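See below for the structure under consideration.
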Amino acid sequence: MSQEMPGSAAIAARAGSGGTHADAAAGQAPSDQPARQGDAFENLLHEDRRFPPSEEFAARAVVTGADYAEADADRPAFWARQARELLTWDQDFTQALDWSTPPFAKWFVGGKVNAAYNALDRHVENGLGDRVAIYFEGEPGDTRTYTYAQLTDEVKKAANAFESLGVAKGDRVAVYLPMIPEAVITLLACARIGAVHSVVFGGFSADALRSRIEDAEAKLVVTADGTYRRGKPSALKPAVDDALARDGHTVRNVIVVKRNGQGVDWHEGRDHWWEDTVGAASTQHTAVGHDSEHPLFILYTSGTTGKPKGILHTTGGYLTQTAYTHRAVFDLHPETDVYWCTADVGWVTGHSYVTYAPLINGATQVMYEGTPDSPHQGRWWEIIEKYKVSILYTAPTAIRTFMKWGKDIPAKYDLASIRVLGSVGEPINPEAWMWYREVIGGNNAPIVDTWWQTETGAQMIAPLPGVTATKPGSAQTPLPGIAVDVVDEQGQSVPNGSGGYLVIREPWPAMLRGIWGDPQRFKDTYWSRFENMYFAGDGAKKDDDGDIWLLGRVDDVMNISGHRLSTTEIESALVSHPAVAEAAVVGAADTTTGQAIVAFVILRGDAVDTGDATVQELRNHVGHEIGPIAKPKTILIVPELPKTRSGKIMRRLLKDVAEGRDVGDATTLADNTVMQQIAASLKK
Ligand code: WTA
């Protein structure tokens, strides 16, 4: 794994669209330095703009700064209080944290708790059955509303249906669904019966789905005939059929939601329509408490090698930290707020901040199936106006896309309901932050930039909107009860004003409990780089105030529109094509998607380079192997790749080429004419 210090590329990515600070909020002293790539880094360390919460906001905030002091005094005790206040336990726990065998943590030892009961039944028992849990907005414009009472019934039916198909506690269920309520219902039904869900994002291909189904040894697959994308039906079921076509998997049944009404191939005995199984099941189902450390889900994510890692999360700690952070970071007032997280359920944000935390906290949320430009570029703002969304949680890549479309579009809608804005998935550049605040937040909604990962399960670094004076572009402060630091190569904490590696020094409740089936890889990936610290894989800086700025990945993981993809995974897909001899992939800074995939490919001697046709063919091949999101934006056919004497590809140099810079130090190359050969072939 390459562990270069965050270099100029990461910093250039932070500079984003390279806009100036001159358009800062009225009344704020703008920095007079334009954020050019070269000096962006200086700007990062001298961000003078501060946006403290208004007095009214601070006075009504659900948490205060007192949480920091309480957690600092006794971290496990702080989390134990949250666990008892936010969740209803079937059996109380006897110990907050067992860290006797690091890196394997146990939280809330001896406790028993049911995630679905906490998300659903208890709200109904508490008289909130008529509160809306989900406002669903389909891409074609169809809508559905579920109250807590209705959602509880649906989840009980699904739990009964899954059990009737032989799914028992501990069994794995693969989920390949679009962003429709059945996704949330399926996840909660699994959690209810103690089955472990493994969601595969609908944008992944049949091959990617197959490897995940096989790794987790799933017994049941829940899917849909398809969904809608930009006004057109798009299929899902064929990928499931394809994934299950070969023998050697453990899947016995497939449940199919009818969503877009397109015809599907049917495998009699294996396939069941959702409406015939779940639809016909009883609404009587009693939830029992599962052990606090019972596995809740597996979610595959890209690592530094080709094989995705099955990140394992368990129940009690995960629910506690997701619920606490959702309440504290978004200042959730469940009786009045309408919350909308735009993430797909295929990613961790769609698990923690769509499926679990909002429902545990009794919130009302919006769920939208489609893309932001269907049928027009104002769709999101129309949805916010319609449902009076008060908390919006989305990704910088979306914000930058809206910036490109122009502020006239959101200006046509009434966005006055918005009072908190969240950002997640990648660094948000100060220009995008300011645009988000001014154009969407009416210049007064606090922005919470939340840093976390699939592995951390829940938010780790973020401002508290009623407490923190926010700063454009910085995630700022570890949340109460979270011990984050930035360290140098030797693992020493760096002083303010310096950069290094982001680490987590103490166990946290929602931490991953391992990699499915591979404890050694868990230790090697996260716990071997620094002694007694979790290595996150991100570069970071502490500014002069000690606030944390995230600088992007320091390993071979790319971040495309906030989606994690590994360079190695895409390289493997490319070399599996018969025409390809070798491939190297880099993430190049991109003003909209954060990073864009650029592939350098050497063709085999006997392969004919047909120019654009070859490039198109290779892009489609990657789409087929991994999924459309992994298709390289650019593929460059080159005669050679730059390698060190030990044979390691020097991606740093390829990144220079991909980002249009002069190539940096190439003296360690085995053949120092390679970069000239590449440059010459690109000119052709
Ligand atoms: C990046 C998504 C900067 C980071 C929740 C991390 C961020 C990776 C932020 C995890 C943020 C996420 N600022 N970078 N606010 N949030 N990242 O597992 O590089 O899909 O390591 O989890 O996204 O991506 P993942």
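Scanning the stretch 207-229 for residues that are of a type in the set (A, V, I, L, M) and touching a residue at least 60 places away in the same chain (Cβ under 8 Å) returns A208, A216.
Pick out the one residue from A469, A411 that is more than 16 Å from the ligand (Cβ to nearest atom) and touching a Pro at 6+ places or on another chain (Cβ under 9 Å). Steps first, please.
Working: A411 fails: touching a Pro at 6+ places or on another chain (Cβ under 9 Å).
Among A469, A411, only A469 is more than 16 Å from the ligand (Cβ to nearest atom) and touching a Pro at 6+ places or on another chain (Cβ under 9 Å).
Report yes if G127 is open to solvent by 20 Å² or more (accessible area, probe 1.4 Å), among the small types (G, A, S) and closer than 20 Å to D337 by Cβ, otherwise no. Break it down into steps so the answer makes sense when it comes.
On the way: open to solvent by 20 Å² or more (accessible area, probe 1.4 Å): yes; among the small types (G, A, S): yes; closer than 20 Å to D337 by Cβ: yes.
The answer is yes for G127.
Go over the candidates I213, I298 one by one and state the one that is touching a Phe, Trp or Tyr at 6+ places or on another chain (Cβ under 6 Å) and open to solvent by less than 30 Å² (accessible area, probe 1.4 Å). I298 is the lone residue from the list that is touching a Phe, Trp or Tyr at 6+ places or on another chain (Cβ under 6 Å) and open to solvent by less than 30 Å² (accessible area, probe 1.4 Å). If the condition is being open to solvent by less than 10 Å² (accessible area, probe 1.4 Å) and either out of contact with any helix residue (DSSP H, G or I) (no Cβ under 9 Å at 6 or more places or on another chain) or of a type in the set (D, E, K, R) (or both), then the stretch 508-531 contributes F522, Y526, F530. Does at least one position in the stretch 465-473 carry a residue that is of a type outside the set (V, I, T), open to solvent by 10 Å² or more (accessible area, probe 1.4 Å), in contact (Cβ under 8 Å) with a residue 60 or more places away in the chain and touching a Ser or Thr at 6+ places or on another chain (Cβ under 9 Å)? Checked against the condition, which is being of a type outside the set (V, I, T), open to solvent by 10 Å² or more (accessible area, probe 1.4 Å), in contact (Cβ under 8 Å) with a residue 60 or more places away in the chain and touching a Ser or Thr at 6+ places or on another chain (Cβ under 9 Å), the stretch 465-473 yields at least one hit. Could you list, in sequence order, all residues of the stretch 387-424 that are of a type in the set (D, E, K, R), without any contact (Cβ under 8 Å) to a residue 40 or more places away in the chain and more than 24 Å from R60 (Cα to Cα)? Residues satisfying the conditions are K407, D408, K412. All of E268, E275 fail the test of being within 20 Å of K156 (Cα to Cα) and without any contact (Cβ under 8 Å) to a residue 40 or more places away in the chain, apart from E275.
For the stretch 435-452, the set of residues classified as more than 20 Å from the chain's Cα centre (by Cα) and within 16 Å of the ligand (Cβ to nearest atom) consists of R437, P446, listed by residue number.
For the stretch 359-388, a residue qualifies if it is over 26 Å from L120 (Cβ atoms), under 20 Å from the mean Cα position of the chain (by Cα) and in a helix (DSSP H, G or I), and exactly one does: W380.
Criterion first (of a type in the set (D, E), within 29 Å of S576 (Cα to Cα) and out of contact with any Gly (no Cβ under 6 Å at 6 or more places or on another chain)) does E182 satisfy it? Working first, answer last.
Working: of a type in the set (D, E): yes; within 29 Å of S576 (Cα to Cα): no; out of contact with any Gly (no Cβ under 6 Å at 6 or more places or on another chain): yes.
Taking the combined requirement at face value, the residue does not satisfy it.
Evaluate the following for G562: is it among the small types (G, A, S), under 24 Å from H326 (Cα atoms) and touching a residue at least 12 places away in the same chain (Cβ under 8 Å)? For G562, the condition - among the small types (G, A, S), under 24 Å from H326 (Cα atoms) and touching a residue at least 12 places away in the same chain (Cβ under 8 Å) - is met. For the stretch 532-585, which positions are assigned to a strand (DSSP E or B), within 29 Å of G473 (Cβ to Cβ), open to solvent by 10 Å² or more (accessible area, probe 1.4 Å) and away from the ligand (no atom under 14 Å from the Cβ)? Result: K542, single match.
In this structure, does D590 turn out to be at pLDDT 90 or above, surrounded by fewer than 22 Cβ atoms within 10 Å (Cβ to Cβ), acidic (D, E) and more than 16 Å from the ligand (Cβ to nearest atom)?
no
The listed residues are A224, A206, A168, and the only one of them that is among the small types (G, A, S) and buried (at least 22 other Cβ atoms within 10 Å of the Cβ) turns out to be A224. For the stretch 345-362, the set of residues classified as surrounded by fewer than 24 Cβ atoms within 10 Å (Cβ to Cβ), more than 13 Å from I180 (Cβ to Cβ) and either without any contact (Cβ under 8 Å) to a residue 60 or more places away in the chain or within 16 Å of the ligand (Cβ to nearest atom) (or both) consists of W347 only.
Just one of T477, T456 is within 14 Å of the ligand (Cβ to nearest atom) and open to solvent by 20 Å² or more (accessible area, probe 1.4 Å); which is it? First the steps, then the outcome.
Details: T456 fails: open to solvent by 20 Å² or more (accessible area, probe 1.4 Å).
Criteria check complete, one pass: T477.
Please verify whether T614 is away from the ligand (no atom under 16 Å from the Cβ) and in a loop (DSSP other than H, G, I, E, B), treating the condition exactly as stated. It is false that T614 is away from the ligand (no atom under 16 Å from the Cβ) and in a loop (DSSP other than H, G, I, E, B). E506 meets the stated requirement of being within 27 Å of R81 (Cβ to Cβ) and away from the ligand (no atom under 13 Å from the Cβ). Scanning the stretch 635-654 for residues that are part of a helix (DSSP H, G or I) and among the basic types (K, R), we see that the one that is farthest from I570 (Cα to Cα) is R652.
Scanning the stretch 101-125 for residues that are assigned to a helix (DSSP H, G or I) and in contact (Cβ under 8 Å) with a residue 12 or more places away in the chain gives A115, A116, Y117, N118, A119, L120, D121, R122, H123, V124.
Results for (1) among the hydroxyl-bearing types (S, T, Y); (2) more than 23 Å from A161 (Cα to Cα); (3) at pLDDT below 95, shown as yes or no for each residue.
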position	(1), (2), (3)
S211	yes, yes, yes
G226	no, no, no
A245	no, yes, no
H249	no, no, yes
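Cβ contacts < 9 Å: first residue in a strand (DSSP E or B) and among the β-branched types (V, I, T), restricted to the stretch 439-459; second residue more than 15 Å from the ligand (Cβ to nearest atom) and open to solvent by 10 Å² or more (accessible area, probe 1.4 Å), any location; separation 6+ or different chain. Result? The qualifying pairs are I447/F51; I447/R437.
The values are calculated or read from the model by the stated rules, or taken from the named source; none is laboratory data. Since the model is a prediction, treat every value here as computed from it, not as a measurement. When we count neighbours, we look across all protein chains shown, and the Cβ atoms used for this are built from the backbone with ideal geometry, even at glycine. SASA here: full protein model, heavy atoms, side chains in, ligands and nucleic acids out. Shrake-Rupley method; radii C 1.70, N 1.55, O 1.52, S 1.80 Å.
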